[in-house]
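The values are calculated or read from the model by the stated rules, or taken from the named source; none is laboratory data. It should be emphasised that the depicted structure is a prediction, and the values quoted were computed from it without experimental measurement. Glycine gets a Cβ as well: all are built from the backbone with ideal geometry, and neighbour counts include every protein chain shown.
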Amino acid sequence: MQQTIAFFDFDGTITTKDTLLEFIKFSKGKFRFYLGFFLTSPWLVALKLKLVPNQLAKEKVLTFFYRNCPEEQFQQYCSSFNAEALPALIRPKAVQEIARLKEIGASIVIVSASPENWIRAFALSQGAELLATRLAISNHRLTGKIDGRNCHGTEKEARIRQAYTLSEFTAIYAYGDSSGDKDLLALAHFPFYKPFR
């Protein structure tokens with residue numbers, strides 16, 4: 001019996017925009033969003049110049065916006081974002097492709113560098129598994145740090161290999177849109193780069 005699995009990047013592939021940026025703007029407002037990115041810009045410039053790793057730069061941004069945020073309040077932000085903002089960011093062609101793959105019996109897995117908190121509800125709605133960045137929590141508050149490694153680049157491949165025995169699948173699909181998806185796409189028999197534009 002043929003076993004088929006499909007791995008989808010989320011930001012820019014299933015969605016039209018980076019949902020981390022959209023989530024911050026939604027939960028904190030535009031003024032604080034732009035102020036925060038101005039104040040953390042040295043880290044973002046260093047990231048662009050490849051002077052610091054992706055995880056460190058992301059943690060600096062997360063720390064600025066969400067350090068000490070109560071976990072319950074953060075989840076409320078996520079629920080509101082899912083209901084009010086995320087639907088407009090979803091690419092219809094991506095949802096159609098997920099449905100098509102499910103019809104042929106494929107397992108669907110969303111693999112994202114964005115935090116799992118606001119992707120989980122969408123993944124459930126699509127009958128998809130989720131591998132994504134996890135945020136560190138201490139005393140029911142966000143620390144601003146990432147729990148483990150940022151699910152980006154080579155970490156996407158590592159998470160997939162940890163969760164699935166790829167040799168069991170005779171057809172592997174992968175969908176991505178950036179250099180951070182290179183390792184994800186390399187796993188597939190059928191890789192698709194920027195497929196839903």
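Residues that are buried (at least 19 other Cβ atoms within 10 Å of the Cβ) and at pLDDT 95 or above were ranked within segment 170-180; the one that is farthest from the chain's Cα centre (by Cα) is I172. What residue, of T143, T154, is under 23 Å from E71 (Cβ atoms), among the β-branched types (V, I, T) and surrounded by 12 or more Cβ atoms within 10 Å (Cβ to Cβ)? Among T143, T154, only T143 is under 23 Å from E71 (Cβ atoms), among the β-branched types (V, I, T) and surrounded by 12 or more Cβ atoms within 10 Å (Cβ to Cβ). Residues that are β-branched (V, I, T), in contact (Cβ under 8 Å) with a residue 60 or more places away in the chain and in a helix (DSSP H, G or I) within segment 118-167 comprise just one, I160. In segment 97-111, of all residues being in contact with a strand residue (DSSP E or B) (Cβ under 7 Å, 6 or more places away or on another chain) and within 18 Å of G176 (Cβ to Cβ), the one that is surrounded by the fewest Cβ atoms within 10 Å (Cβ to Cβ) corresponds to S107. For segment 9-31, a residue qualifies if it is in contact (Cβ under 8 Å) with a residue 24 or more places away in the chain and either within 15 Å of H152 (Cβ to Cβ) or among the basic types (K, R) (or both), and the qualifying residues are D9, F10, D11, G12, T13, K17, D18, T19, L20, K28.
Taking segment 1-117 as the region of interest, the helices (runs of 4 or more DSSP H) fully inside it that hold 2 or more residues being at pLDDT below 95 and aromatic (F, W, Y) are 30-39. Selection of segment 157-178 for residues being within 14 Å of V111 (Cα to Cα), of a type outside the set (A, V, I, L, M, F, W, C) and out of contact with any Phe, Trp or Tyr (no Cβ under 8 Å at 6 or more places or on another chain) yields E157, R159, R161, Q162, Y164, S178. Examine segment 188-197 for a residue that is touching an Asp or Glu at 6+ places or on another chain (Cβ under 9 Å), part of a loop (DSSP other than H, G, I, E, B) and buried (at least 18 other Cβ atoms within 10 Å of the Cβ), and state whether such a residue exists. Yes, because at least one residue in segment 188-197 is touching an Asp or Glu at 6+ places or on another chain (Cβ under 9 Å), part of a loop (DSSP other than H, G, I, E, B) and buried (at least 18 other Cβ atoms within 10 Å of the Cβ).
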